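The values are calculated or read from the model by the stated rules, or taken from the named source; none is laboratory data. Since we're looking at a predicted model, the values are computed, not measured. For neighbour counting, all protein chains shown are included, and Cβ atoms are generated from backbone atoms with ideal geometry for every residue, glycine included.
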Amino acid sequence: MAFVAVAAVVVVVALKGDSGEKSDAAAQADRPQALITTGETWSKTTSRFTTTSTTVPSSPSSTVTSGFHRVTGPNGISAEVPSNWLVKAGTQATNIQVDNPESPGSLIRLGGSPSGPLPLLDSVASNETQNGGISQGYQRLRLERVSGNSNTVVWEFLYTKDGEQRHAFGRYWRTGGIDYIVYGSANTASWPTMKTVLDIVVRTTTM
């Protein structure tokens, strides 16, 4: 699978689809609900997106969250990110990166790439041994399916870079032949702030 190497890890969550009509509750459950953290509610947006640069389209309209704006990445992934963070092309064509200018090294990546042959959990787990960027000081905090859903995986871990311990979290989901990711990383001192921002990014992600 073409996941971004972490310092290029990518996050994913899955939608389950089946034929036939569904109740409103069932239809909502099939939306990217796995992106939502416990206790939070899904909010819809009817904004239409326009392109403001050749690499990072964004919406000029207001968003649900004050101080955030919406950006769109590869394969249609879209989310709200802090308005004052810097959006740029990612380390690979399959993702974009959003950097916190007030905390160097604090970043979020959004993206999507064609699904590989392995089950999603196995695909994400392969990063533990194949990603040399996180090998130093690596400590797994969790790597698991979300609520037993084989198409939604979360991976949280610590690693050391340039002598500094970092905290990282990725949420991965597979749908329609695409593996999507929302990934955030920061040094451990900055992680509480990053976690707050990342929760909003995850909650507002759509495809």
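For the structure I just gave you, tell me whether LYS195 is surrounded by fewer than 21 Cβ atoms within 10 Å (Cβ to Cβ) and in contact (Cβ under 8 Å) with a residue 60 or more places away in the chain. The answer is no for LYS195. Given the residues THR160, THR129, which is the only one that is of a type outside the set (A, V, I, L, M, F, W, C), in a helix (DSSP H, G or I) and out of contact with any strand residue (DSSP E or B) (no Cβ under 6 Å at 6 or more places or on another chain)? Result: THR129 is the single residue among THR160, THR129 that is of a type outside the set (A, V, I, L, M, F, W, C), in a helix (DSSP H, G or I) and out of contact with any strand residue (DSSP E or B) (no Cβ under 6 Å at 6 or more places or on another chain).
Is it the case that VAL182 is closer than 30 Å to SER83 by Cβ and modelled with pLDDT under 95? No. Tell me which residues, restricted to the range 165-194, are under 23 Å from SER78 (Cα atoms), of a type in the set (Ser, Thr, Tyr) and not in a strand (DSSP E or B). Passing the criteria: only THR193. Residue pairs whose Cβ atoms lie under 6 Å apart, separated by 6 or more positions or on different chains, with the first residue in the range 124-137 and closer than 12 Å to LEU158 by Cα and the second surrounded by 12 or more Cβ atoms within 10 Å (Cβ to Cβ) and among the polar types (S, T, N, Q), are GLN136/THR160; GLY137/THR160. Residue count for the range 151-185 under the criterion of being farther than 18 Å from GLU128 by Cα and among the aliphatic types (A, V, I, L, M): the result is 1.
Cβ-Cβ contacts under 6 Å between residues 6 or more apart (or on different chains), taken from a first residue in the range 140-156 that is more than 15 Å from LEU118 (Cα to Cα) to a second residue that is at pLDDT 90 or above and among the basic types (Lys, Arg), are listed as VAL154/ARG171; GLU156/ARG142.
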